[in-house]
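Everything on this sheet refers to the single structure shown next.
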Amino acid sequence: MADATQLTILDQFWQTMNLPDSCLLNSRIYKKTLLESIDLSSADKKLVNEDIDTLVWRYTLKPETIQIQRFQSEELDYPEIAVIHLTLKAEAGKNLKRLKRLIELIQRAIPYPVVLVTSLGNQLWVNLANKRQSMADSQKLTVESFFDSGWLDGDHLQPVE
């Protein structure tokens, strides 16, 4: 194992998550797929095309890949959890309003709870969204709130003692 000081913040994150290989998917999500999966304004389409470098479905946590059963209640149905890695283009992370909008679009496009891990250079942003079944359409999820880590800078991390 490499010394933690030699690893990027993203490498350290994946190492710390320590998800089993049975959950590894590593399936690329193409921009075209994202653009076709939800109704987007012209501005949102431009945002997707200009700011996303790559989008990869890294892990899928579901009963078939990990020994955790689906969660289901009257309002919530979580058959699986997706862990998705978004790599931004070089200039993309500088505008927080654009970044948060892009994160929102991705969260709304994927009908599962998503751990969205966004990287830009040696910086990392982790996003979660509280999703529930839509009252109007049981096939859709409604995003109620977002939880963001903000930018974590791998060049300025301090070890935890």
query = Which residues in the stretch 65-93 place their backbone N less than 19 Å from a point set 7 Å from the Cα of D11 along the Cα-to-Cβ direction?
reply = 85-88
request  = First check a/c for the stretch 14-82, with a ≥ b ≥ c the square roots of the eigenvalues of its C-alpha gyration tensor; if it is under 1.5, answer rounded, and if not, answer prolate when a/b is larger than b/c or oblate otherwise.
outcome  = oblate
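Please check the chain for the longest run free of trypsin sites (Lys or Arg not before Pro) that are loop-located per DSSP (anything but H, G, I, E, B) and have at most 15 other Cβ atoms within 10 Å. The partial results should precede the final answer.
Values: sites that count: R70, K89, K140.
Result for the longest clean stretch: 1-69.
Which length gain, in nm to one decimal place, applies between L96 and F71 when the Cα-Cα distance is subtracted from 0.36 nm times their residue separation?
Values: separation 25, 0.36 × 25 = 9.00 nm, distance 3.26 nm.
Contour length minus Cα-Cα distance gives 5.7 nm.
Would you check the chain for Lys pairs whose C-alpha atoms are within less than 13 Å, ignoring same-chain pairs closer than 8 in sequence, and give me the count? Don't skip to the end; give the middle numbers.
On the way: K31/K45; K31/K46; K32/K45; K32/K46; K131/K140.
Lysine pairs meeting the criterion: 5.
Provide the gained length on full extension for the span M135 to D21, in nm with one decimal, where the gain is 0.36 nm per separating residue minus the Cα-Cα distance. Mind showing how you got there, number by number?
Working: separation 114, 0.36 × 114 = 41.04 nm, distance 3.60 nm.
Here the answer is 37.4 nm.
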task = Could you tell me the largest-minus-smallest coordinate of the C-alpha atoms of the stretch 63-129 on each of the three principal axes, in descending order and whole angstroms?
result = 40, 23, 13
task = Count neighbours as other Cβ atoms within 10 Å of each site's Cβ, and list the GluC sites (Glu not before Pro) in the stretch 8-76 that are DSSP loop with at most 14 such neighbours.
result = E64, E74, E75
ask   = Residues of the stretch 28-67 with amide nitrogen under 17 Å from the 7 Å Cα-to-Cβ point of K89?
value = 30-35, 42-56
remark   = Between the modelled labels at K32 and H156 (7 Å from Cα along Cα→Cβ) the distance in nm is 4.1 nm
message = To check my understanding: the extent here is largest minus smallest coordinate of the Cα atoms along each principal axis. What are those three numbers for the stretch 4-155, in Å, largest first?
response = 45, 40, 25
task = Would you grab the residues whose amide H sits under 5 Å from the one on V115? Only those 5+ places off in sequence or on another chain, please, with H modelled 1.01 Å from N.
result = A82, V83, I84
message = Can you compute the helix-only [θ] at 222 nm over the chain? Use -39500 (n - 2.57) per DSSP H run of at least 4 residues, normalise by all residues, nearest 500 deg cm²/dmol.
response = -7500 deg cm²/dmol
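Every number in this text was worked out from the coordinates using simple rules, so none of it is lab data. Here the structure is a predicted model, which means the values were calculated and not measured. Using ideal geometry, Cβ is built from the backbone for each residue, glycine included, and neighbour counts are taken over all protein chains shown.
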